[in-house]
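Structure record follows, encoded as structure tokens.
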Amino acid sequence: MLWFFNPYSFDHKLFKAWDDYMALVLDPRDWVCMRDGDTMFLLPDWGHKIMHYIDKYPDTGLFTCYASRCHYKEQIRQGTETENTDLIYHRNQAEAVEKELHGKVKEMNRRVAGHMLVIRKSTWNRIRLQVEEDSRMKDILGVDTKISNAILQRGMKIRLMRGIYLLHYLRLKEGYNSKEHLL
């Protein structure tokens, strides 16, 4: 089974929000897709597409995907106009990515941004304590980094699902460096 959540924390404790949602998933074989609240899938069969990658690469520790905006250029498809505000442009990008790259992955030997992370419950159970410990110093920022680092330290693979593209607002109007969302 594949679960979908958008973790949110009223007290800026993002690890706790992640952990609370993961606690809802009882079967260690299940997968969970966690997405930032400022993201949007642009194709109607996005769930089936994610499941296709899970079925094709079940040994993956953590999946992510392309985004319209991201702090890490490796998670932005080359040629993407990250400042483009046209929704139709981004829908066309999602269609092109799906058509050209469906089922293909890129192994990421580095931490990844958490606009969308797909992880198996059993993997979460393996890394949970480390992520919790590492998250005590920061509340809302860096949970994705802590998760990525824990996955890599255990020798598991992080894979970019190259055929999936989502819109990530990521402070498009405010600018990358805006901290308004942290207030």
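The values are calculated or read from the model by the stated rules, or taken from the named source; none is laboratory data. Only a predicted model underlies this, so the values are computations on that prediction, with no experimental measurement involved. Please note: Cβ atoms are built from the backbone with ideal geometry, for glycine as well, and neighbour counts cover all protein chains shown.
Residues that are over 17 Å from MET22 (Cβ atoms) and modelled with pLDDT of 95 or more number at least 2 in the following helices (runs of 4 or more DSSP H) confined to the stretch 77-158: 87-101, 143-153. Of the residues making up the stretch 20-71, those that are basic (Lys, Arg) and surrounded by 15 or more Cβ atoms within 10 Å (Cβ to Cβ) number 3. Within the stretch 1-51, if we keep just the residues that are in contact (Cβ under 8 Å) with a residue 24 or more places away in the chain and of a type in the set (Gly, Ala, Ser), the residue that is farthest from ASP86 (Cα to Cα) turns out to be SER9. Determine, yes or no, whether GLU132 is among the acidic types (Asp, Glu), touching a residue at least 24 places away in the same chain (Cβ under 8 Å) and under 28 Å from ASN92 (Cα atoms). So GLU132 fails the test.
Annotation note: Cβ proximity below 6 Å between a residue of the stretch 148-167 that is of a type in the set (A, V, I, L, M) and a residue that is at pLDDT below 95 and not in a strand (DSSP E or B) (sequence gap 6+ or interchain) occurs for ALA150/GLN130; ALA150/VAL131.
Each residue in the stretch 1-33 was checked for being touching an Asp or Glu at 6+ places or on another chain (Cβ under 7 Å), within 17 Å of LEU129 (Cβ to Cβ) and among the hydrophobic types (A, V, I, L, M, F, W, C), and 2 of them qualify.
If you filter the stretch 6-36 down to residues that are in a helix (DSSP H, G or I) and out of contact with any strand residue (DSSP E or B) (no Cβ under 8 Å at 6 or more places or on another chain), you find that the one that is modelled with the lowest pLDDT is LEU14. If you go through the stretch 76-94 and keep only what is over 19 Å from the mean Cα position of the chain (by Cα) and either without any contact (Cβ under 8 Å) to a residue 60 or more places away in the chain or at positive phi (or both), you end up with GLY79, GLU81, ASN84, ASP86, ILE88, TYR89, ASN92.
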